[in-house]
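Data first, discussion second: the structure below is written as structure tokens.
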Amino acid sequence: MKILVSAAEVAPYAKVGGLADMTAALPKAWSAAGHDVIVLLPLYGTIDTALYGLRKTDHVIGVPFGGWTEYASLWEGTLPDSEVPVYFLDSHEYYGRQGIYGYHEGFQDNDRRFMFLCRATFEVAKALGFKPDVIHAHDYHTAMCMPMLHVHYKTDPHFDGTAGVFTIHNMAYQGMFDPQRVLEFGEFGMKEFYPGSWFEHESVVNAMKAGILFADKVTTVSPTYAQEIRWTPEGMGLQGALQARGGDLIGVLNGIDRTEWDPSTDEYLTVPYDLATIEKKEINKQALLTEFGIDVSDKSRDLPLVGMVTRLTEQKGISLLHEALEPFIASGQMRLVMLGSGEKRFEDFFRHLAEQYPQRVLLGVGYNNALSHRIQGASDFYLMPSKFEPCGLTQMYALTYGAIPIVRATGGLADTVQQYDPITFTGNGIRFNRYTVDDCSAAIGEALRLYKREPHWSHLRRNAMSVDHSAVRSAEQYIDVFTWAQELHAQH
Ligand code: ADP
Ligand code: GLC
């Protein structure tokens, strides 16, 4: 199958969160399975072209935009550890600056930047002579590819038989735009904008809604989240549009890139290990503690190490931790290693905690891929008390690295973490249901009591590490969805 992926983030070039991991892992898995896949993303000013060996092509892409034509160049590279061609849309005006989205409120012209990426997706395909069976768009940034396929390219022979699939990674970011601007940029015209139209939601253009309604098939990143967004406030106002798609909205559980996340081959770790050599995990723990200046000479002071690697936003449940975490740290029951960046109030909270308990709180503020691997390799537990979580990848990394997840049972966390049962020895982690400090504290307490307590500790680690969460399985499911999308498309 010929697949064209268009996205705002692709690892390792441009990554803010798990979206980037998925737009790299899926194409790699499809390509390995014999599919013909190309990936398109913007050439952001932050992408080091020399580091990744990117080359400028001779293509000059003319992009119809707002009634005129704008031009962009095209760079190319290959996704690391794969044969997947990656193309970078080079428009200095739109992308030649520091940052992907811009801080906090985002860049003022994000509407224009991402509309341009969407429209260019089609023109790049034509310039390359790549006739896709499916265009796979991700989140609000490339959602507008779906109406563009439907409205502008429906009769274009190059896209004859091309289906559109839209994947929702997070309903919290919908792309709410000024209709006068985006409908002009996108050449849809204001006549498409009226209460209840496919572009309109609460008096503005909503890119996510348009993606949902114009796509041949819509997917989201876990089965539980697929239900939550239809029927609960997690749909963030778009429940109606999601319900309208009925069976066309499908939950496909994310998976992880095993070439990147495997404790037996991970070059960032002090010592690699697997289930059979799990005792070596301890060496990684000692190394991490030492790296953070913690005295590890007194073995009698061994404490469970609880890891977190996360964007510091409300979504990730950080608010609960103000009250739920400190008592365990203050009373010397655990150590925390936290790597994160995001909202200042949350960064400040962890800075404060680290100052108060320098021997028990290891803090990294900022983005650090190597450290994120070492944290998974070193941690005994992995904490993810999310308020909502479309899927979550880090709990799957944790399971793979034998760090026992403590999670709130929401979205993909509910689909990947099963409660440990000390009677049957089944389950791979500790879950709590209600988004409250009490429930979160109880789960942390329950987990800490299981630390090195046999036979439970061995069972927990074995249950965690023996499941393969590889994205290969997700990639196969997407191929089914793409096939259904093509069938549906052919009927229209
Ligand atoms: P989300 O996409 O909502 O942030 P996921 O769990 O799906 O959550 O994916 C997060 C990804 O970003 C993981 O690959 C995680 O390791 C990475 N990550 C998050 N914060 C950091 C950080 N501060 N440094 C390095 N990697 C990070
Ligand atoms: C989003 C979600 C996260 C998911 C990721 C990749 O950022 O917040 O839960 O794992 O996308 O799909």
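On full extension of the chain, what length is gained from E93 through E487, given 0.36 nm per residue of separation minus the C-alpha to C-alpha distance?
Extra length available between E93 and E487 comes to 137.9 nm.
If each residue of separation counts as 0.36 nm, what is the full-extension length gain between V204 and Q356 once their alpha-carbon separation is subtracted?
Gain on stretching V204 to Q356: 50.1 nm.
If you put +1 on each Lys and Arg Cβ and -1 on each Asp and Glu Cβ, how big is the dipole of the chain around its Cα centre, in Debye rounded to 20?
Computed charge dipole of the chain: roughly 660 debye.
In region 369-394, whose amide N lies under 20 Å from the spot 7 Å out along Cα-to-Cβ of V296? List them in ranges.
Of the residues in region 369-394, 369-383 have backbone N under 20 Å from the label point off V296.
Between D274 and A244, what FRET efficiency comes out of the Förster formula 1/(1 + (r/R0)^6) with R0 = 35 Å and r the beta carbon distance, rounded to 0.05?
0.15
Give K285/K452; K56/K131; K15/K387; K28/K154; K280/K452; K131/K217 a once-over and call out the pairs whose C-alpha atoms are over 24 Å from each other.
K28/K154
Kindly list the residues of region 77-116 that lie in the label zone of D36, defined by a backbone N under 15 Å from the point 7 Å along the Cα-to-C-beta vector.
84-85
Restricting to the chain, compute how many DSSP beta bridges are antiparallel as a %, nearest 5.
Just about 30 percent of them are antiparallel.
Please arrange S31, S197 by counting, for each residue, the other beta carbons lying within 10 Å of its beta carbon, fewest first.
S197, S31
By counting other Cβ atoms within 10 Å of each Cβ, how are K191, K316, K344 ranked from fewest to most?
The fewest-first ordering by Cβ neighbours comes to K191, K344, K316.
Scan around A163 for amide H atoms under 5 Å from its own, H built in the peptide plane at 1.01 Å from N, and keep only partners 5 or more places away or cross-chain.
V134, I135
With axes computed from alpha carbons, what is the tilt in degrees of helix 344-356 against the longest principal axis of the chain, rounded to the nearest 10 within 0 to 90?
Tilt relative to the chain: about 20 degrees.
Write down the percent of antiparallel bridges among all DSSP beta bridges whose residues are both part of region 275-468, to the nearest 5.
5 percent
With label points built 7 Å along Cα→Cβ from the Cα atoms of S264 and D421, find their separation and express it in nm.
2.9 nm
Work out, in µm²/s and without decimals, the Stokes-Einstein translational diffusion coefficient of region 275-468 at 4 °C, 1.567 mPa s, Rh from Kirkwood over C-alpha pairs.
D = 79 µm²/s.
Quote the convex hull volume per residue of region 195-307, based on C-alpha atoms, as a whole number of Å³.
Cα convex hull per residue, to the nearest whole number: 195 Å³.
First measure r as the distance between the Cβ atoms of T69 and M1, then evaluate 1/(1 + (r/R0)^6) with R0 = 51 Å and state the FRET efficiency to the nearest 0.05.
0.95
Roughly how compact is the chain, stated as its Cα Rg over 2.2 N^0.38 Å to two decimals?
Cα Rg divided by the expected 2.2 N^0.38 Å: 0.99.
Rounded to the nearest 500, what is the chain's calculated 222 nm mean residue ellipticity when only DSSP H runs of at least 4 contribute -39500 (n - 2.57) each, over all residues?
After summing the helix terms and dividing by the residues of the chain, the value is -11000 deg cm²/dmol.
Expressed in nm², what is the orientationally averaged projection area of the convex hull enclosing the Cα positions of region 355-435?
About 6.7 nm², averaged over all directions.
How much net charge surrounds P263 when only other residues with a Cβ under 15 Å from its Cβ are counted (Lys, Arg +1; Asp, Glu -1)?
-3
Would you mind ranking E93, E267 by Cβ crowding within 10 Å, fewest neighbours first?
Lowest to highest Cβ neighbour count: E267, E93.
Return one number: the angle in degrees, 0 to 90 and rounded to the nearest 10, between the long axis of the Cα atoms of helix 110-128 and the longest principal axis of the Cα atoms of the chain.
70 degrees
Using each residue's phi in region 283-288, evaluate 6.51 cos²θ - 1.76 cosθ + 1.60 at θ = phi - 60° and report the 3J(HN,Hα) Karplus result to the nearest Hz, with x for Gly and Pro.
5, 5, 5, 4, 5, 5
Using a cut-off of 12 Å between beta-carbons, work out the net charge of the residues near G196 (Lys and Arg +1, Asp and Glu -1, G196 not included).
With Lys, Arg at +1 and Asp, Glu at -1, the neighbours total -2.
We did not get these values from a lab; they are worked out from the coordinates using the rules stated. Keep in mind the model is a prediction, meaning the values are calculated, not measured. Positions of Cβ are generated from backbone atoms using ideal geometry, with glycine treated the same way; all protein chains shown enter the neighbour counts.
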